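Since the structure comes first, as structure tokens, the remarks are kept for the end.
Each reported figure results from applying straightforward, stated rules to the coordinates on display, with no laboratory input. Model, not experiment: these values are computed from the prediction. In this analysis, Cβ positions are derived from the backbone assuming ideal geometry, glycine residues included, and neighbour counts consider all displayed protein chains.
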Amino acid sequence: MISQYYDPPNPGDTLRQTYFVEYSPSGSYDYNLNTPYRIQGSVAFIIGNVGLVSADYEFADYAQAKLDAPDYSFSDENLATSNSYAAGHNIRLGTEWRYNIFSFRAGGKYFTSPYQNDINDGSKWGVSAGVGLRKGWFFMDIAYAYTHMEEDYYFYSSPSIVPNPVLNTLKSSYILTTFGIKL
């Protein structure tokens, strides 16, 4: 339900107070969303009891996402998805090294753009680093993670007007801490 109440602009106006109420229909709709398949491979190398180096690769074909329902084909929506999205490649690298009671970690990631034909960039990259301490039954970790992404934003779209996009740069930084005990 949406309700609006209007007062006259000036107390002495002859306009009367107005009150509107509109009810939204309630209901549900059953449909299926088939998300794209993902293929992932990982490799890691353990170096004695002091180090680890790992790499992950992931493939996802975002153009293969589909909607369907018993009473509607979603053909236009599915065509728009397959014409707008592409296969994506995600790469993650990481390492951890131990010295005495300390662990040192670092990593990086790069995700290619999921969009076709330079509709938008959408690629993302990030780095992280951290240090941990383990002594007997106690452990503590602190890490910093940074992610960077640029995207084009269109305020509106129209068949007759092609606006210039606004370039948004999205950056996020996190500091993460963990404290724990081993029982």
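Straight-line reach only, C-alpha to C-alpha below 28 angstrom: list the lysines that LYS135 could link to, leaving out same-chain residues fewer than 8 apart.
Answer for LYS135, where 28 Å is the Cα cut-off: LYS182, listed by chain and number.
Report the net charge of residues surrounding ASP56, where surrounding means a beta-carbon distance below 14 angstrom and charges are Lys +1, Arg +1, Asp -1, Glu -1.
So the environment of ASP56 carries a net charge of +2.
Consider the candidate values (i) 49, 32, 30; (ii) 84, 47, 38; (iii) 48, 42, 30; state which one is Cα extents along the principal axes in Å computed from the structure displayed.
Label of the calculated value: (ii).
Using only Cα atoms, tell me the angle between helix 75-84 and the longest principal axis of the chain; keep it within 0 to 90° and round to the nearest 10.
The answer is roughly 50 degrees.
Using Cα-Cα distances under 8 Å and only pairs 6 or more residues apart, what relative contact order does segment 128-177 have, in percent?
Once normalised by length, the contact order is 38 percent.
Could you work out [θ]222 nm for the chain from helices alone, using -39500 (n - 2.57) per DSSP H run of at least four and dividing by all its residues? Round to the nearest 500 deg cm²/dmol.
-1500 deg cm²/dmol
In a Gaussian network model over the chain where Cα atoms closer than 10 Å are linked, find which of ILE142, ILE46, ILE161 has the largest mean-square fluctuation.
Of ILE142, ILE46, ILE161, the Gaussian network model singles out ILE161 as fluctuating most.
Mind checking the dipole of segment 40-181: about its Cα centre, +1 per Lys or Arg Cβ, -1 per Asp or Glu Cβ, Debye to the nearest 20?
1080 debye
What does the charge add up to near SER172, with Lys and Arg as +1, Asp and Glu as -1, over the other residues with Cβ less than 14 Å from its Cβ? Intermediate values should be presented prior to the final figure.
On the way: positive: LYS109, LYS124, LYS171; negative: GLU150, GLU151.
Taking every other residue near SER172 into account, the sum is +1.
What percent do you get for the relative contact order of segment 40-181 when only Cα pairs under 8 Å and 6+ apart count?
16 percent
In the chain, if the dipole is taken from +1 on Lys/Arg beta carbons and -1 on Asp/Glu beta carbons about the Cα centre, which of LEU170, GLY41, MET140 is farthest to the positive end?
Positive-most Cα among the choices belongs to MET140.
Do any chymotrypsin sites (Phe, Trp or Tyr not before Pro) in segment 107-183 lie in a DSSP loop with no more than 10 other beta carbon atoms within 10 Å, and if so, which?
Counting only loop positions with at most 10 other Cβ atoms within 10 Å, the chymotrypsin sites (Phe, Trp or Tyr not before Pro) in segment 107-183 are TRP137, PHE155, TYR156.
Restricting attention to segment 98-183, which trypsin sites (Lys or Arg not before Pro) occupy a DSSP loop and are surrounded by at most 15 other Cβ atoms within 10 Å?
LYS182
Rank ASP121, ASP141, ASP71 by mean-square fluctuation in a GNM of the chain with C-alpha springs under 10 angstrom and give only the top-ranked residue.
ASP71
Please compute the length gained on full extension between VAL21 and LEU170, using 0.36 nm multiplied by the number of residues separating them and subtracting their Cα-Cα distance.
Length gained between VAL21 and LEU170: 49.7 nm.
Excluding residues on the same chain fewer than 8 positions from LYS109, give the lysines whose Cα lies under 16 Å from its Cα.
LYS124, LYS171
Provide the net charge surrounding TYR31, with neighbours chosen by a C-beta distance below 10 Å and charges set as Lys +1, Arg +1, Asp -1, Glu -1.
Neighbourhood net charge equals -3.
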